[in-house]
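The structure under discussion appears below in the form of structure tokens.
What follows is calculated from the coordinates using simple rules that are stated; it is not laboratory data. Every value quoted in this text rests on a predicted model; they were computed, and no experiment measured them.
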Amino acid sequence: MNQTSYTNLLVNPVQSWMNFAMLSAQMMMTSAQVVGQRTGGIMLAGAMPTQRDQQELTMMSEEKTAAVVESAQAMAQGVFKLSQQLAVMAYRQMLAGVPLMMSLATSVTPQQSAHRQANLVRAGLANSAEATSRISNAAPRIARKAVKPIHSKVTANHKRLSKH
């Protein structure tokens, strides 16, 4: 791998985590507005909430439950997919190392052995960097998928409650 490739491997996770942080911050700000709107509605309703107020309270708990279930499903799917990818990658790395190990085992001279050993180490380090990058990129992607259903509900509620 060249220097640019290594730099990209390091920068992409940072960008992914920044995108996740921005989505989370937006969700928290919008959520605070929704809580304020709903609290104001509850205060205005007082001891005698209307049918519409009661429906809003019921919908609050149903939406939260649905969003949490959807979030858990998204996270489980992401983790399951990542574990499959890691298993395939580990198997491929094992298979890729076999010819290099066989080459090392059949070395005749010490120079040849040193050269082949260096090739084996170089290949192992390159594969390790790629695996680390995949995991580093997958974690924020899974987190973003987990937050997305909650973000969608909060945003939809904010738009709906802002109209009233």
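How many lysine pairs in the chain, separated by 8 or more positions in sequence or lying on different chains, have Cα atoms less than 18 Å apart? Total qualifying Lys-Lys pairs in the chain comes to 9. Helical content of the chain, expressed as a calculated mean residue ellipticity at 222 nm, amounts to -34500 deg cm²/dmol (DSSP H runs of 4 or more residues, -39,500 (n - 2.57) each, divided by residue number, nearest 500). Among VAL79, VAL147, VAL35, which one shows the biggest mean-square fluctuation in a GNM of the chain, springs joining Cα atoms closer than 10 Å? So, out of VAL79, VAL147, VAL35, the one fluctuating most is VAL35. Of the options (1) 56, 16, 7; (2) 40, 19, 13; (3) 36, 21, 17, only one is semi-axes √(5λ) of the Cα gyration tensor in Å as computed from these coordinates, and that is (1).
Taking SER16, SER133, SER83 in turn, the Gaussian network model of the chain (Cα-Cα springs below 10 Å) assigns the largest fluctuation to SER83. For segment 73-164, just say rounded, prolate or oblate: build the C-alpha gyration tensor, square-root its eigenvalues into a ≥ b ≥ c, call rounded for a/c under 1.5, and beyond that prolate if a/b exceeds b/c, oblate if not. Prolate.
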